[in-house]
Amino acid sequence: MKTLKLYWLAFSTALQAKFEYRVDFFLGVLTSCMLQLSALVSLWVIFTQTPNLNGWSKEEIILLFGMVAGALGLSELFFNHIWMVPFYIVMGELDRLLTYPVNSLYFLLITRPELHSFGNLVTGLVLSYWALYHLNAPLLYYFLLPLFLFSGCLLYTAGLVLFASLSFRFIAPTSMHLMIPHNLLNATRYPVTIYPAAVQWILLILVPFGSFHYLPASWLFGKEPGLGLALAVLAASLVFFWESGWFWRWGLKQYESTGS
Amino acid sequence: MENALHVENLAKSYKRSMRHPGLLGAFKGLFSSKTQEFQAVKGISFSINRGERVGLIGENGAGKSTTLKMLTGIIAPTSGKLEVLGLLPWKQRRELALNIGVVFGQRPQLLWDIPVRETFRLLKAMYRIPSDVYEVTYKEAVRRLDLEPLLGTPVRLLSLGQRMRCDLAASLLHAPAIAFLDEPTIGLDLTVKEQVREYIRDMQDKFGVTLLITTHDLKDITEVCDRLLLLDKGTLLFDGSLKAFEKKFANESRIVADLERPATASALRKLSAEMKKHGGIVTGGEGHKLIVSYRKEGSAPVLTQILLKRQKVADLTLEKTDIETIVTRIYRKKPGKN
């Protein structure tokens, strides 16, 4: 309990710091909204050519789309600090973190919230609920949606942690490799069945970004897997997130700081 | 006395990838993975008792910071034994962190964008500082280091000196059992340096904090510490009290005299001969200035008397080699220095 309180205090303190930069906030939110909308436009172009995509209607695809945006937004809001890790390793800036009596990974994750995330978060929520409404989804689904977004956020963040941990071994002052999980997540805006079997396997099992919305959505649309599997994703995301800590610790062992 | 930390044959080596010169060389480096091992700390051993005040000195690259980083659990040693407060730092880092305070003078420890006060509040929760302890340490820091006007300012807007004062206060808020201070006075002006030292001394008195300070400013050592560790190229060159250090290395004192008029060659020769009998050597005799150096303690009165008898002296100073001079001399004279 005390630990949770501490993390909340750390998060809110860091959030407060972020509000120092007002112009950055408005520009950032605007940018992330525009990015989501431009992707939406390309989707709209597809649907002017075909009434459905691999058996998925426009509304159904928009639900997937919204859930990806929402999960991305959540991860950026709470855990965006992970993007700085490659730079910190090169500059030896992890020293400070390591002198604190806290879990270094969790404390790092929550101490640099990204306010731009509101753009993605709001777009995601609006699109998801709009789609649910138009699909006449049962009420239960409305309540479960935030949970599914949360598990998506954990899955995605775990992927980022895994890739960031590689930086300890392969030191480079860029976070380009973190774009891999980012792009994988974006790939799951479309139903995974449109991809070849190998890619499906990657997106659902190996890096299961595709599961947190695809499985629940499939259940909703009666396309196959049931509620049980949808809820299993929740548990799996927690495990996946926890396990990413192993990679972090593996990396930390090799941390060498810098001179002086 | 209780042991605060114990180190045996502690060593750390880094792997550095080999670099080829020039742009073409840099490009080649992309495809070759040859590494070179660099030994930063080469097997050092020492123990520090609770409440001791120890200064760790050495030239740039001597291994001071690397040692400190191993002691605080930031990096793992390559080999050797290491125990701090009964814990293995790099394995039990979090547990250890609760009981130590760390300042890296080269890097700010505080959160960059938020006011100092908020950072302190966060640290209080993080270190689970009991309110009665916090009450004392916080007030003491604010009073001693003049923090009042800085508390509401975001850390990034503070000057170096202001930031350092806040950093130091932050690292001692939880009255740690050991404080590791890496260059706590770097880049500060004289008054702030003095203030910082006074604060450290004060916290040491009040809470019995064990101190390990690395610095390039030897005044930090002479005014705060009573034991000295001298590191050189990763090995421990000296470990002992400041007194012992002076005794071992400061074996020369000087009498510097200002003569009323330059001594003649023959007078100088006679003076030299008599001085020699009492262990003094006339080293400089140009113009009005005359220098007599000696090694035996307690020779000053005799030598001065001889000088006063033989020459008309306008002014006279006795110079003892201070630690700073000794250290500079050691750095410069070291065998095998490249």
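Can we say B:PRO149 is crowded, with 22+ Cβ neighbours inside 10 Å and more than 8 Å from chain A (Cβ to nearest Cβ)?
On the way: crowded, with 22+ Cβ neighbours inside 10 Å: no; more than 8 Å from chain A (Cβ to nearest Cβ): yes.
Judged against the criteria, B:PRO149 is not a match.
Do you know which residues across the stretch B:61-93 are charged (D, E, K, R) and touching a helix residue (DSSP H, G or I) at 6+ places or on another chain (Cβ under 8 Å)?
Step one: list which residues in the stretch B:61-93 are charged (D, E, K, R), which gives B:64, B:69, B:81, B:83, B:91, B:93.
Answer for the stretch B:61-93, where residues must be charged (D, E, K, R) and touching a helix residue (DSSP H, G or I) at 6+ places or on another chain (Cβ under 8 Å): B:LYS69, B:ARG93.
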Practice problem: Could you check, for the stretch B:178-186, whether at least one of its residues is among the aliphatic types (A, V, I, L, M) and out of contact with any Gly (no Cβ under 8 Å at 6 or more places or on another chain)? | Solution: no
Quiz prompt | Checklist (1) buried (at least 23 other Cβ atoms within 10 Å of the Cβ); (2) under 21 Å from B:GLU2 (Cα atoms); (3) within 13 Å of chain A (Cβ to nearest Cβ) applied to B:THR66, failing item | solution = (2)
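Whether any residue in the stretch B:112-132 is at the interface with chain A (Cβ under 7 Å from one of its Cβ atoms) and in contact with a strand residue (DSSP E or B) (Cβ under 7 Å, 6 or more places away or on another chain) is what I want to check. Full working, then the answer.
Of the residues in the stretch B:112-132, the ones at the interface with chain A (Cβ under 7 Å from one of its Cβ atoms) are B:113-114, B:118, B:122, B:125-127.
Next, from what is left, pick out any that are in contact with a strand residue (DSSP E or B) (Cβ under 7 Å, 6 or more places away or on another chain): B:113-114.
Yes, that holds for at least one residue.
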Quiz item: Of all residues in the stretch B:152-190, which are buried (at least 22 other Cβ atoms within 10 Å of the Cβ), polar (S, T, N, Q) and assigned to a loop (DSSP other than H, G, I, E, B)?
Solution: B:THR185
Quiz prompt | Lone unmet requirement of (1) touching a Gly at 6+ places or on another chain (Cβ under 8 Å); (2) within 30 Å of A:ASN136 (Cα to Cα) for A:GLY228 | solution = (1)
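Could you tell me whether the stretch A:35-45 includes any residue that is of a type in the set (Gly, Ala, Ser), without any contact (Cβ under 8 Å) to a residue 24 or more places away in the chain, away from chain B (no Cβ under 14 Å) and over 29 Å from A:LEU166 (Cβ atoms)? Write out each step before concluding.
From the stretch A:35-45, those of a type in the set (Gly, Ala, Ser) are A:38-39, A:42; that's our starting set.
Next, only the ones that are without any contact (Cβ under 8 Å) to a residue 24 or more places away in the chain stay: A:38, A:42.
Now drop any that are not away from chain B (no Cβ under 14 Å), which leaves A:38, A:42.
Then keep just the ones that are over 29 Å from A:LEU166 (Cβ atoms); that gives A:38, A:42.
Scanning the stretch A:35-45 turns up at least one residue that is of a type in the set (Gly, Ala, Ser), without any contact (Cβ under 8 Å) to a residue 24 or more places away in the chain, away from chain B (no Cβ under 14 Å) and over 29 Å from A:LEU166 (Cβ atoms).
Across the stretch B:227-257, what is the total count of residues that are farther than 24 Å from B:GLY298 by Cβ and charged (D, E, K, R)?
Here is the first cut: in the stretch B:227-257, the ones farther than 24 Å from B:GLY298 by Cβ are B:227-239.
Filter again for charged (D, E, K, R), leaving B:227, B:232-233, B:239.
Counting residues in the stretch B:227-257 that are farther than 24 Å from B:GLY298 by Cβ and charged (D, E, K, R) gives 4.
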Self-check item: The one condition in (1) among the hydroxyl-bearing types (Ser, Thr, Tyr); (2) out of contact with any Gly (no Cβ under 6 Å at 6 or more places or on another chain); (3) more than 14 Å from every other protein chain (Cβ to nearest Cβ) that A:THR3 fails to fulfil
Solution: (3)
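From the list B:ARG156, B:ARG144, B:ARG163, which one is of a type in the set (Lys, Arg), under 28 Å from A:GLU20 (Cβ atoms) and touching a helix residue (DSSP H, G or I) at 6+ places or on another chain (Cβ under 8 Å)? Before the answer, list the steps.
Working: B:ARG156 fails: touching a helix residue (DSSP H, G or I) at 6+ places or on another chain (Cβ under 8 Å); B:ARG144 fails: under 28 Å from A:GLU20 (Cβ atoms).
Exactly one residue qualifies, and that residue is B:ARG163.
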Exercise. Determine whether A:ALA17 is modelled with pLDDT under 85 and under 29 Å from A:ALA172 (Cβ atoms).
Key: yes
Quiz item: Within the group A:PHE150, A:PHE163, A:PHE168, which residue is under 14 Å from the mean Cα position of the chain (by Cα), farther than 26 Å from A:VAL126 by Cα and part of a helix (DSSP H, G or I)?
Solution: A:PHE163
Quiz item: Among the residues of the stretch A:238-257 satisfying the criterion of being within 9 Å of chain B (Cβ to nearest Cβ) and surrounded by fewer than 18 Cβ atoms within 10 Å (Cβ to Cβ), which is modelled with the highest pLDDT?
Solution: A:LYS253
Quiz item: Has the stretch A:120-140 got at least one residue that is within 14 Å of chain B (Cβ to nearest Cβ) and modelled with pLDDT under 90?
Solution: no
Quiz item: Taking the stretch B:83-105 as the region of interest, how many residues are more than 12 Å from every other protein chain (Cβ to nearest Cβ) and either under 15 Å from A:LYS253 (Cβ atoms) or outside any strand (DSSP E or B) (or both)?
Solution: 3
Exercise. Would you mind telling me which numbered condition in (1) facing chain A (nearest Cβ under 9 Å); (2) free of Cβ contacts under 8 Å to residues at least 24 places away in the same chain; (3) not small (Gly, Ala, Ser) B:GLU135 fails?
Key: (1)
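Here are some residues: B:LEU87, B:LEU110. Which one is crowded, with 21+ Cβ neighbours inside 10 Å and assigned by TED's automatic domain parsing to the domain that holds B:PHE238? Walk me through how you get there before you give the answer.
On the way: B:LEU87 fails: crowded, with 21+ Cβ neighbours inside 10 Å.
After applying the criteria, what remains is B:LEU110.
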Exercise. Inspect all residues belonging to the stretch A:196-206 and state whether any of them is surrounded by fewer than 13 Cβ atoms within 10 Å (Cβ to Cβ), under 17 Å from the mean Cα position of the chain (by Cα) and more than 14 Å from chain B (Cβ to nearest Cβ).
Key: yes
Quiz item: Taking helices (runs of 4 or more DSSP H) that fall entirely within the stretch A:6-100, which contain at least 1 residues that are of a type in the set (Phe, Trp, Tyr) and within 30 Å of A:ILE194 (Cβ to Cβ)?
Solution: A:22-49, A:58-79
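The values are calculated or read from the model by the stated rules, or taken from the named source; none is laboratory data. Predicted model only: the values in this text are computed from it and were never measured. All Cβ positions, even for glycine, are placed from backbone atoms using ideal geometry, and neighbour counts span all protein chains on display.
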